[in-house]
Every structure is written in C-alpha cells, then in structure tokens.
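Q: For reference, the structure I am asking about is given below.
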Ligand code: GLV
Ligand code: MG
C-alpha cells in the first residue's frame with residue numbers, strides 16, 4: 001500500500017485548523033514496519049535499552065494501556081516522553097499505545113505526549129476502537145493539538161481491532177480518516193468481547209479442529225483450524241480497500257516460537273505488513289517472516305523482467321504468468337526493496 005493511494009480518498013475529517021498546519025500525510029515516507037515492538041516505559045531498565053532496540057526493530061512502541069498497572073499510568077506516560085526526547089529514532093518509528101478513550105487517562109495521554117514530543121511522534125495506537133466515531137474524535141483532537149503546538153507533520157492513527165463491534169464496523173473504521181495508518185488484530189480482548197472460550201493470546205487452539213472422515217478402524221486425523229482467519233481476512237480487506245496497512249497483533253506464548261512463527265506467517269501470506277513483538281525473542285521471528293523469501297523475490301524479478309510493460313502472457317518454469325501475476329510479483333519486489341533500505 002502506498003500513501004499516494006490515499007489521495008483518492010475523501011478528506012472529510014482532516015481539517016487543519018490553522019495556517020501553517022501540518023503538511024498532508026501523503027508526503028510521509030513509507031517505511032518497513034515488520035514488527036511493532038512493545039516496551040513498558042515506566043521501567044527504567046527498559047528505557048535504558050531503547051538506544052539498542054532502535055537499531056534492531058522497525059517500530060518502538062511505548063505501551064501505556066493494558067499490562068501497565070493503574071498506579072503506573074502516569075509514570076509510563078512520563079517514561080515514554082523521556083524515551084521520545086532522549087533518543088534519535090532515525091528511520092525507526094516512534095509509536096505510543098494510549099489508554100482507551102473511555103478511560104481516565106486517554107485525554108492526558110494524547111495532550112501531554114503531543115505537546116512534549118511534537119513531530120517526533122509518528123503514530124498513536126488507539127485500543128478498543130468500536131466504530132468510526134472513535135477515530136473522528138481522536139482525529140479532531142490531533143488537528144487541534146497539531147495547530148496549537150506547530151507540528152509540521154500529522155500524527156497518524158492506528159486502530160486495534162479487538163471488540164465484536166469493532167469487527168462489525170471494520171470497513172468504516174478503516175475509512176474513517178486519511179490519518180489512518182493501519183489496524184492490528186487484538187486477539188485477547190477480541191476473544192473476551194466475543195465470549196470465545198480461550199485464555200490464550202493469539203495463536204491456535206487444540207479444540208478448534210475438524211476430523212477427517214471415518215475410514216474403518218484407521219485413526220482419524222485431526223486438523224487444527226485457525227481461530228483468527230475470519231477476522232484477519234476482514235481486516236486485510238478493509239485495510240487494502242482504503243490503502244492502509246493490516247497487522248497481526250500479539251502472540252502471548254513466548255515459550256513456543258514455532259507457533260508464533262506459524263501465526264505470523266499466516267498473517268503475512270494473507271496480506272499483513274507486520275505483527276507486534278512483545279518479547280525480544282520475537283523480533284527475529286517477525287523480521288524473518290515479514291521480509292519476503294529471497295527465492296520468491298528471485299522468481300518475482302524474473303516475472304517482471306519477462307513482461308517489461310506488465311501485460312501479456314508468458315510461461316516461466318511451466319507456470320502461466322500474466323498481468324495479474326505481474327502485480328503479485330510487484331508486491332513482493334516492492335517489499336524486498338523496502339526492507340533492503
Ligand atoms: C491486544 O491488545 C489484545 O487484546 O490482543
Ligand atoms: Mg487488547
């Protein structure tokens with residue numbers, strides 16, 4: 001997805017309030033965002049490791065919401081501001097996950113962080129988004145704060161898709177503002193919201209399966225299914241249709257890197273850009289999964305070379321290629337170039 005795709009969208013909700021308000025979001029660079037790495041900013045030891053982290057990940061996110069105790073909310077906000085002011089992020093994204101809009105902390109999260117960090121802040125991740133109204137509220141608040149503090153680029157919004165109502169409204173959320181950066185699946189809150197009977201954070205479940213047909217006395221094979229397929233598919237379609245990015249969210253079982261990799265890979269194949277990394281061990285998994293496979297890149301380059309103007313039909317290694325597969329190849333080559341930068 002490119003930011004220029006968004007130029008086609010109506011700009012009903014992005015109304016800069018003052019002369020000298022931020023340049024349009026269409027001028028923001030497109031970056032590789034294979035992992036959104038979560039850090040708890042109230043912990044000093046964690047803040048000290050940020051300079052090292054900046055060199056390893058595509059995005060550093062200060063988490064202020066769930067997993068941060070109520071009595072540490074203010075310390076986390078202050079710690080995030082310290083991280084933002086005290087480090088040069090270069091091409092690494094600086095994001096924050098604020099508290100939910102109906103919490104006692106959300107308003108101060110936004111006003112204090114934008115005032116303190118200004119243009120250093122790239123994206124606000126908004127949890128528990130239920131409909132476009134949540135995006136409109138934050139959009140207008142950001143427009144006011146950008147004007148007031150003289151920001152020169154807009155702060156983008158990333159929604160977490162983690163309530164049943166949010167999934168119902170996913171297309172409207174994706175289209176709610178040109179400020180939308182993308183969306184992440186939040187499987188833990190979503191499971192609770194839907195009364196799904198799992199205590200896991202993302203991934204599969206041994207009970208969610210189909211059995212092959214009975215065949216005499218032969219033991220029947222059990223095929224585990226992906227609990228998240230439906231939601232990821234809806235999210236990817238809503239995001240792609242609006243020129244924004246879709247992400248798989250958290251994978252909570254740090255002791256099972258193979259299952260984490262499988263979940264990330266499903267999401268990547270279905271169209272997701274990246275995933276959250278909650279533990280340092282997940283960074284390399286995300287890097288591996290969300291960078292295109294070199295073998296696949298080689299084939300994609302051959303397809304593009306064989307059809308210089310992107311039209312017609314050719315055979316490569318016995319497989320038919322045409323305008324559509326040229327576009328598939330372009331997705332892979334563009335991503336390879338983005339991650340190589
Ligand atoms: C993430 O916030 C989740 O609820 O899974
Ligand atoms: Mg959540």
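The values are calculated or read from the model by the stated rules, or taken from the named source; none is laboratory data. Remember, it's a predicted structure, so these values are computed and weren't measured experimentally. So basically every Cβ, Gly included, is an ideal-geometry build from the backbone, and we count neighbours across all protein chains shown.
Q: Going by the conditions given, is residue 283 without any contact (Cβ under 8 Å) to a residue 40 or more places away in the chain and away from ligand 1 (no atom under 16 Å from the Cβ)?
A: Considered against the rule, which asks whether it is without any contact (Cβ under 8 Å) to a residue 40 or more places away in the chain and away from ligand 1 (no atom under 16 Å from the Cβ), residue 283 comes out as no.
Q: Still on this structure, please answer the following. What strands (runs of 3 or more DSSP E) completely inside the range 144-224 contain at least 3 residues that are away from ligand 1 (no atom under 13 Å from the Cβ)?
A: Ranges flagged: 180-185, 209-211, 222-224.
Q: Could you please let me know if residue 121 is within 16 Å of ligand 2 (Cβ to nearest atom), on the phi < 0 side of the Ramachandran plot and surrounded by 20 or more Cβ atoms within 10 Å (Cβ to Cβ)?
A: No.
Q: Look through the range 152-168, keep the residues that are surrounded by fewer than 22 Cβ atoms within 10 Å (Cβ to Cβ) and more than 16 Å from ligand 2 (Cβ to nearest atom), and return whichever of them is farthest from the chain's Cα centre (by Cα).
A: If we take residues in the range 152-168 being surrounded by fewer than 22 Cβ atoms within 10 Å (Cβ to Cβ) and more than 16 Å from ligand 2 (Cβ to nearest atom), then 152 is farthest from the chain's Cα centre (by Cα).
Q: While we're here: Taking the options 246, 240, name whichever one is out of contact with any helix residue (DSSP H, G or I) (no Cβ under 7 Å at 6 or more places or on another chain), touching a residue at least 60 places away in the same chain (Cβ under 8 Å) and under 16 Å from residue 170 (Cβ atoms).
A: Going through 246, 240 in turn, the sole match is 240.
Q: Where residues in the range 124-139 are crowded, with 16+ Cβ neighbours inside 10 Å and farther than 20 Å from residue 61 by Cα, which of them is farthest from ligand 1 (Cβ to nearest atom)?
A: For the range 124-139, the residue satisfying everything is 132.
Q: Kindly indicate the residue of the range 65-77 that is within 16 Å of ligand 2 (Cβ to nearest atom) and over 18 Å from residue 45 (Cβ atoms) and also surrounded by the most Cβ atoms within 10 Å (Cβ to Cβ) among those meeting that condition.
A: So, considering only residues that are within 16 Å of ligand 2 (Cβ to nearest atom) and over 18 Å from residue 45 (Cβ atoms), the one surrounded by the most Cβ atoms within 10 Å (Cβ to Cβ) is 65.
Q: Go through the range 130-147 and count every residue that is more than 17 Å from residue 235 (Cβ to Cβ) and touching a helix residue (DSSP H, G or I) at 6+ places or on another chain (Cβ under 8 Å).
A: Result for the range 130-147: 5.
Q: Could you check the range 169-197 and list, in sequence order, the residues that are free of Cβ contacts under 8 Å to residues at least 60 places away in the same chain, away from ligand 2 (no atom under 16 Å from the Cβ) and more than 13 Å from residue 235 (Cα to Cα)?
A: Result: 197, single match.
Q: Residue 240 passes all but one of (1) at pLDDT 95 or above; (2) away from ligand 2 (no atom under 16 Å from the Cβ); (3) part of a helix (DSSP H, G or I); which number fails?
A: (1) is the only condition that residue 240 fails.
Q: Any residue in the range 128-154 that is free of Cβ contacts under 8 Å to residues at least 40 places away in the same chain and within 30 Å of residue 193 (Cα to Cα) sitting within a Cβ distance under 6 Å of a residue that is assigned to a helix (DSSP H, G or I) and within 16 Å of ligand 1 (Cβ to nearest atom)? List the pairs, counting only those 6 or more apart or interchain.
A: Listed by first residue and then by second, the contacts come to 130/165; 130/166.
Q: Just to check your reading of the model, which residue among 261, 296 is surrounded by 17 or more Cβ atoms within 10 Å (Cβ to Cβ) and at pLDDT 95 or above?
A: The conditions single out 261.
Q: If you scan the range 86-98, which residues turn out to be closer than 12 Å to residue 159 by Cα and either over 17 Å from the mean Cα position of the chain (by Cα) or within 12 Å of ligand 1 (Cβ to nearest atom) (or both)?
A: Once the filter is applied, which keeps residues that are closer than 12 Å to residue 159 by Cα and either over 17 Å from the mean Cα position of the chain (by Cα) or within 12 Å of ligand 1 (Cβ to nearest atom) (or both), the range 86-98 yields only 97.
Q: Would you check if residue 109 is within 16 Å of ligand 1 (Cβ to nearest atom), in contact with a helix residue (DSSP H, G or I) (Cβ under 7 Å, 6 or more places away or on another chain) and in a helix (DSSP H, G or I)?
A: Considered against the rule, which asks whether it is within 16 Å of ligand 1 (Cβ to nearest atom), in contact with a helix residue (DSSP H, G or I) (Cβ under 7 Å, 6 or more places away or on another chain) and in a helix (DSSP H, G or I), residue 109 comes out as yes.
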